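Readers should treat all values here as calculations from the given coordinates under stated rules, not as data from a laboratory. Note that this is a predicted model, so its numbers are computed, not measured. Positions of Cβ are backbone-derived with ideal geometry, glycine not excepted, and every protein chain shown enters the neighbour counts.
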Ligand SMILES: [Ca+2]
């Protein structure tokens with residue numbers, strides 16, 4: 001038996017405003033103020049640069065061109081940040097593949113702590129990205145024992161490619177109290193696009209079926225537990241609610 005929970009998020013209302021939103025450790029991950037502090041490798045040619053042309057969101061994105069196939073790290077974007085050993089972090093970003101001879105391209109991404117030359121941490125992910133925009137998110141454990149880390153995204157593997165990157169977010173997973181699963185809802189008010197991720201601290205994978213409905217709504221099948229729905233980083237409100245197994249939640253926005 002399924003019940004319907006209706007959760008209305010009034011994003012600009014102070015009713016739900018608590019200021020408890022997780023802090024984005026990736027400074028300037030939207031590239032709206034340029035690329036200050038972001039490290040770049042362009043060791044195999046091509047370029048990495050801020051571009052106002054056809055951004056994924058806002059007024060600017062980062063544009064990456066990779067003319068030749070090479071080691072993945074030779075075309076690399078990095079965000080340095082403080083990190084705490086033993087803590088789980090969630091990373092997310094939007095990447096758009098604009099050009100590729102095979103209509104797909106491989107990227108790698110990793111959270112690396114500062115072992116001299118930023119040698120690999122425990123988790124390293126590879127993703128095959130198709131044409132268009134893909135929202136990527138993963139959870140990492142910080143196990144390297146250092147206090148400074150870099151979140152790195154590597155674009156060097158597939159040659160003849162052009163990527164656009166935006167909305168890089170690194171947060172402490174589970175920072176908000178009383179959640180069992182986290183439902184993170186990102187609302188791009190300019191394009192009416194919704195991006196939703198649900199994670200379990202145990203499984204570290206997307207949990208349940210998500211359906212994106214018309215007009216700024218999403219529905220999700222729930223397990224029992226506390227949920228937290230948050231708007232995109234930078235907006236000041238959120239709503240938490242308790243879900244039961246086999247419930248379906250519909251979450252709507254008023255951007
Ligand atoms: Ca942007």
Only Cα pairs under 8 Å and at least 6 apart count here; give the relative contact order of the stretch 38-172 as a rounded whole percent.
38
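Can you give the FRET efficiency for residue 103 and residue 36, using 1/(1 + (r/R0)^6), R0 = 45 Å, r = Cβ-Cβ distance, to the nearest 0.05?
Efficiency for this residue pair is about 0.85.
Given the Cα-Cα distance of residue 69 and residue 127 and 0.36 nm per residue of separation, how much length would full extension add, in nm? Numbers along the way, then the final one.
Numbers: separation 58, 0.36 × 58 = 20.88 nm, distance 1.58 nm.
Here the answer is 19.3 nm.
I need the Kirkwood Rh of the stretch 14-108: take the reciprocal of the average 1/r across all distinct C-alpha pairs and report it in angstrom. Mind dumping the intermediate values first?
Working: mean 1/r = 0.0637 Å⁻¹.
The Cα-based Kirkwood calculation yields 15.7 Å.
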At 10 °C and 1.306 mPa s, the Stokes-Einstein diffusion coefficient in µm²/s for the stretch 38-172, with hydrodynamic radius from the Kirkwood sum on alpha carbon pairs, is 106
What are the principal axis extents of the Cα atoms in the stretch 59-101, in Å, biggest first?
41, 30, 15
